[in-house]
1. Given Cβ point charges of +1 (Lys, Arg) and -1 (Asp, Glu) and nothing else, what value in debye, to the nearest 20, does the dipole of region 62-190 about its Cα centre take?
2. Can you tell me what percent of all Cα-Cα pairs in the chain are more than 35 Å apart?
3. If you place +1 on the Cβ of every Lys and Arg and -1 on the Cβ of every Asp and Glu, how big does the dipole about the Cα centre of region 101-162 come out, in debye to the nearest 20?
4. Quote the relative contact order of region 1-152 in percent (integer), defining contacts as alpha-carbon pairs under 8 Å separated by 6+ residues.
5. Could you report the chain's accessible area per residue, 1.4 Å probe, as an integer in Å²?
6. In region 226-264, whose amide N lies under 16 Å from the spot 7 Å out along Cα-to-Cβ of ASP219? List them in ranges.
7. Once the Cβ-Cβ distance between TRP78 and GLU176 is put in as r, and R0 is 25 Å, what FRET efficiency do you end up with, to the nearest 0.05?
8. Which of PHE71, TRP30, TYR56 sits closest to the plus end of the dipole of region 1-85, meaning its Cα is farthest towards the positive end, when Lys and Arg get +1 and Asp and Glu get -1 on the C-beta?
Amino acid sequence: MAKLVGGVGTSHVPSIGAAIDHAKTQEPYWKPLFDGVIPAREWMNAVMPDVAIVVYNDHASRFGLDLTPTFAIGTADWFAPHDEGYGARPVPACQGDPELAWHLAESLILKDEFDIAMVGEMSVDHGLTVPLSLMFGQPDQWPCRVIPLCVNVIQYPQPTALRCFKLGQAIRRAIESYERDVKVVLLGTGGMSHQLQGERAGLINARYDHRWLDGMVSDPLSLTKIGHTELLREAGSEGLEIIMWLIMRGAMSESVRQIHRFYHVPASNTAYGLLVLEDA
Ligand code: DHB
Ligand code: FE
């Protein structure tokens with residue numbers, strides 16, 4: 001039987017990837033952030049999953065406004081890093097797990113009525129590669145298989161926070177009905193507060209971010225009641241990404257143990273948040 005061994009919430013700021021790729025992690029600007037990530041890396045190294053399901057949003061890389069799946073799962077054998085304008089990041093391609101990905105799709109669609117899109121060919125952008133770099137550093141090959149799970153947080157109408165939480169619960173049921181003995185970690189990425197555009201560009205709301213970090217641990221149902229208007233107002237236009245953390249939280253047990261929590265401002269224009277959870 002497959003087993004979910006833990007959940008990670010992490011921002012996926014592209015400049016974090018650039019800092020890693022250009023050997024800047026020990027510079028004064030970046031060192032505090034990378035120091036704060038070390039316990040999560042150690043945890044990941046100790047549990048070492050067979051598969052990481054990475055919940056992220058595609059930033060108009062593989063998809064665009066011509067095609068905006070609300071939820072999409074990568075069923076391919078391999079996922080190459082996407083060239084987002086500066087050349088693809090110098091990170092390995094991700095080896096997929098088509099068998100588990102199709103099992104997830106089947107379980108989500110037929111048992112739980114989540115109509116997720118299956119994507120047989122896709123490149124993956126910073127939303128997926130930066131969390132992997134944060135967790136695993138710069139190996140020649142990623143140490144586990146990766147299943148990309150994309151969520152539309154960009155184009156109206158985005159799914160609700162509650163829908164994301166329920167998707168996480170359905171993913172948990174799907175993992176537990178998979179007969180192979182694989183260890184799975186679920187990463188929810190994006191957030192925390194940030195706005196990259198318009199008059200409020202640079203917005204950071206630490207008070208609100210801490211409310212989310214608290215709620216993720218002890219009261220996720222309160223977070224599922226938050227509407228998009230509040231999120232846009234309090235966390236900024238791109239801060240809406242935080243709803244993807246609720247997919248991870250929905251997959252965890254009702255009560256969880258906080259293994260690591262870290263918050264740091266700034267990471268370029270963004271508040272960086274990190275949470276590692278295990279079932280209690
Ligand atoms: C930036 C982009 C992101 O996708 C994100 O989640 C945070 C920051 C950026 O361009 O700075
Ligand atoms: Fe993003």
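The values are calculated or read from the model by the stated rules, or taken from the named source; none is laboratory data. Computed from a prediction, not measured in an experiment: that's the story for all the values here. Here the Cβ is made from the backbone with ideal geometry for all residues, glycine too, and neighbour counts use every protein chain on show. Areas reflect the complete protein model, heavy atoms only, side chains present, ligands, DNA and RNA absent. Shrake-Rupley method; radii C 1.70, N 1.55, O 1.52, S 1.80 Å.
1. On the way: 10 positive and 16 negative charges, 87 e Å.
Here region 62-190 has a charge dipole of around 420 debye.
2. The answer is 7 percent, as a whole percent.
3. Using Cβ point charges on Lys, Arg, Asp and Glu, region 101-162 gives about 140 debye.
4. On the way: 235 pairs, mean separation 58.0, N = 152.
Computed over region 1-152, the figure is 38 percent.
5. Spelled out: the 1.4 Å probe surface of the chain, per residue, equals 42 Å².
6. Correct set: 226-227, 255-256.
7. Efficiency computed from Cβ-Cβ geometry: 0.40.
8. Projecting each Cα onto the dipole axis, the largest value belongs to TRP30.
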